[in-house]
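Taking it in order: structure first as structure tokens, then the write-up.
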Amino acid sequence: TYVGVGSCSLTADVAQSSTYSAAADSPQSFMANKATPSSPTILNPPASGTYGGNFTASVSTNGDGVKSVISNSTGVCTVSGFVVTYVGVGTCSLTAKVAAGTDYAAASGIPQTFSVGRATPTTPSITNLPGSGVVGGNLAAVVSTTGDGTTSVTSNSTGRRADTGRV
């Protein structure tokens, strides 16, 4: 059984019998090389993701080197350590890797993909709405939301007089 990387030295012997003397061969050696690890795999990729979200990847392999995850689509997802963050919308492609270790060679897994969709913004609201206003006055409305689209304000009561209901 090969238990490590390096030179393996063996010597063959034959014991004395009733018709032959004992004999020993000179040591013979060969190299035991690094094994090929199992293909590194991300065990917990999500079925899908949402912009702004993340997950922590878990990598499986029998290699004894340092495990890692890389993004093949940095416009959609980035990786820091094992934390995958969704920075765009589209297909996130990740590859698990293991570096060469003491007894195993380096290896890369096959890319694993999933889609990342748009996030849902918080409900837009006017943050500086006054308690009341005066005819002829105005308001420079400030809209608050987590969405990154263009915000707008629409009047639902244009031209109406509050005291008579006439236009």
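For the reader, a short list of remarks on this structure follows.
- Cysteines, the chain, no other Cys beta-carbon under 4.7 Å: Cys8
- Convex hull of alpha carbon positions in the chain: directionally averaged projected area 17.1 nm².
- With contacts taken as Cα pairs under 8 Å at a separation of at least 6 residues, the chain carries a relative contact order of 18 percent.
- Alpha-carbon Rg/Rh ratio, for segment 50-133, with Rh computed the Kirkwood way: 1.30
- Top positive-direction residue, dipole computed over the chain with Cβ charges, set Thr150, Val98, Ser71: Thr150
- Placing unit charges on the Cβ atoms only, positive for Lys and Arg and negative for Asp and Glu, gives segment 41-161 a dipole magnitude near 540 debye about its Cα centre.
- Of the residues Asn62, Ala141, Ser29, the one whose Cα sits farthest toward the positive end of the charge dipole of segment 17-167, with +1 on the Cβ of Lys and Arg and -1 on the Cβ of Asp and Glu, is Ala141.
- Considering segment 1-82, its Cα convex hull presents a mean projected area of 9.1 nm².
Each reported figure results from applying straightforward, stated rules to the coordinates on display, with no laboratory input. Model, not experiment: these values are computed from the prediction. Virtual Cβ from ideal backbone geometry, glycine too; neighbours counted across all protein chains shown.
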